[in-house]
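**Student:** This is the structure, below, for whatever I ask next.
The values are calculated or read from the model by the stated rules, or taken from the named source; none is laboratory data. All of these numbers come straight from a predicted model, not from anything done at the bench. When we count neighbours, we look across all protein chains shown, and the Cβ atoms used for this are built from the backbone with ideal geometry, even at glycine. Keep in mind that these areas ignore ligands, DNA and RNA; they rest on the heavy atoms of the full protein, side chains included. Shrake-Rupley method; radii C 1.70, N 1.55, O 1.52, S 1.80 Å.
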Amino acid sequence: MNEDKASLGKSILTVAGAILPKGIGSLGLLAKGADALADALKSREQRYYEDFCKQAYEGMVLVENGEDLTEDEFLEMLKLCLADIEAEKAGLYGRLASAIATQRVHKELRFALMSSLSGLTYAQVQKMRRVYIARVHELIDPDGMAFRRDPSSFLLSQTPGDRWDIERMTSLLVLKGNSLTELGNALIVACFKDDEQLPGSIGERTWKGPDALDLLGFHKARWRKEELPDGPDPLVALARDHGRRVRHIDLSSPREDDTPNPLGIPCFVLMVDASTKDIMKRRDVIQAWVDARKTPVIASSEPIDAVLRDAFPTARIIEEALPTALAERTLGVVRNIVGATGTEF
């Protein structure tokens, strides 16, 4: 055993001595000799192994007889972990082993997931996590020019390193264009805990909150600044001014969780950005906010017809041809309504 250790240490010293500048060994392990180098490598493997097992067995998640991860596959995963040069990834290997064993990811993806994690750097996996979170959650756009942050904004391509990251992720089939693939999404779900898949874990915030102003409308496709050649959309203007307190409800395809918060702002904005006929088709969705005792603020760049006025008799009506003026008046009305409750918006 000692002979093997000494042999390994001498080999490392020989290679290091040939490629490192003279004197650098005095700053670290090279100056301590072959035994110290071999012990350091052994200690490194022990740390990797402990982190791997801690994450794999945390909370008894990895059952001993996990049908989707055989003993050979488990050992192969551990082998990949020990061979990796980044210590931060050891725990990710353990979580991936757990996810495969407990069927949290498709069995047929297990080898592709192992290979992908091995081929990615820790920073690249973290970049993928940010893209995943931005896709699943409506993150606040840092520039205030859109209602949600574009997931592709986390895929910078400004430096050679950024471009290499994208090429690497693409070659491993975890990224296609600016979106994660099924394999990429599965890798993030497998390697990160539930609370690590939330916006707060990456320092981001979402639109939804107890004090969010709900904007109901159809113009989801027009929110991006580059798609607004005629000037800022009223919804975008509101988001820019009070981005942290705005939530959009897409009336073209409302979701089950698109419901009013009874503890939130005591009004909502209905943007007349579609025909009266289309809006009235969604009257049951809109009525949920009225039933929650929230004052409707109906904003339109054209005269509002009698049908809408009669449908929502308690509404504050705002009619302005210019988008900026419409946004300013709408915001003013909202502030007045909220201000009457003794709070601010």
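**Student:** One residue is enough: does segment 253-264 have a residue meeting the conditions in contact with a strand residue (DSSP E or B) (Cβ under 7 Å, 6 or more places away or on another chain), surrounded by 16 or more Cβ atoms within 10 Å (Cβ to Cβ) and within 21 Å of THR206 (Cα to Cα)? Full working, then the answer.
**Tutor:** Just the residues of segment 253-264 that are in contact with a strand residue (DSSP E or B) (Cβ under 7 Å, 6 or more places away or on another chain), to begin with: 258, 260.
Filter again for surrounded by 16 or more Cβ atoms within 10 Å (Cβ to Cβ), leaving 258, 260.
Imposing the further condition that a residue be within 21 Å of THR206 (Cα to Cα) reduces the set to 258, 260.
Scanning segment 253-264, I find at least one residue that is in contact with a strand residue (DSSP E or B) (Cβ under 7 Å, 6 or more places away or on another chain), surrounded by 16 or more Cβ atoms within 10 Å (Cβ to Cβ) and within 21 Å of THR206 (Cα to Cα), so the answer is yes.
**Student:** Right, next: Is it true that some residue in segment 180-198 is loosely packed, with under 15 Cβ neighbours inside 10 Å, modelled with pLDDT under 85 and of a type outside the set (Phe, Trp, Tyr)?
**Tutor:** No, because not a single residue in segment 180-198 is loosely packed, with under 15 Cβ neighbours inside 10 Å, modelled with pLDDT under 85 and of a type outside the set (Phe, Trp, Tyr).
**Student:** From the residues in segment 297-340 that are out of contact with any Lys or Arg (no Cβ under 8 Å at 6 or more places or on another chain), among the small types (Gly, Ala, Ser) and in a helix (DSSP H, G or I), which one is most open to solvent (accessible area, probe 1.4 Å)? Please lay out each step first, then the result.
**Tutor:** Let us first name the residues in segment 297-340 that are out of contact with any Lys or Arg (no Cβ under 8 Å at 6 or more places or on another chain), namely 300-310, 312-314, 316, 319, 321-332, 334-336, 338-340.
Still in the running and among the small types (Gly, Ala, Ser): 300-301, 306, 321, 325, 327, 332, 339-340.
Okay, now just the ones that are also in a helix (DSSP H, G or I), so 306, 325, 327, 332, 339.
Details: ALA306: 62, ALA325: 25, ALA327: 8, GLY332: 27, GLY339: 40 Å².
If we take residues in segment 297-340 being out of contact with any Lys or Arg (no Cβ under 8 Å at 6 or more places or on another chain), among the small types (Gly, Ala, Ser) and in a helix (DSSP H, G or I), then ALA306 is most open to solvent (accessible area, probe 1.4 Å).
**Student:** Restricting to segment 150-168, name every residue that is free of Cβ contacts under 8 Å to residues at least 12 places away in the same chain and open to solvent by less than 30 Å² (accessible area, probe 1.4 Å).
**Tutor:** Here is the first cut: in segment 150-168, the ones free of Cβ contacts under 8 Å to residues at least 12 places away in the same chain are 156-164, 166-167.
Across segment 150-168, the qualifying residue is only ASP162.
**Student:** Could you list all residues from segment 102-120 that are free of Cβ contacts under 8 Å to residues at least 40 places away in the same chain and either surrounded by fewer than 16 Cβ atoms within 10 Å (Cβ to Cβ) or in a loop (DSSP other than H, G, I, E, B) (or both)?
**Tutor:** Passing the criteria: GLN103, LYS107, GLU108, PHE111.
**Student:** Any chance segment 126-145 includes a residue that's surrounded by 15 or more Cβ atoms within 10 Å (Cβ to Cβ), part of a helix (DSSP H, G or I) and touching a His at 6+ places or on another chain (Cβ under 8 Å)?
**Tutor:** Within segment 126-145, none of the residues are surrounded by 15 or more Cβ atoms within 10 Å (Cβ to Cβ), part of a helix (DSSP H, G or I) and touching a His at 6+ places or on another chain (Cβ under 8 Å).
**Student:** Out of all the residues in segment 282-296, which are assigned to a loop (DSSP other than H, G, I, E, B) and in contact with a Ser or Thr (Cβ under 9 Å, 6 or more places away or on another chain)?
**Tutor:** Step one: filter segment 282-296 for residues assigned to a loop (DSSP other than H, G, I, E, B), giving 282, 292-294.
ARG282, ALA292, listed by residue number.
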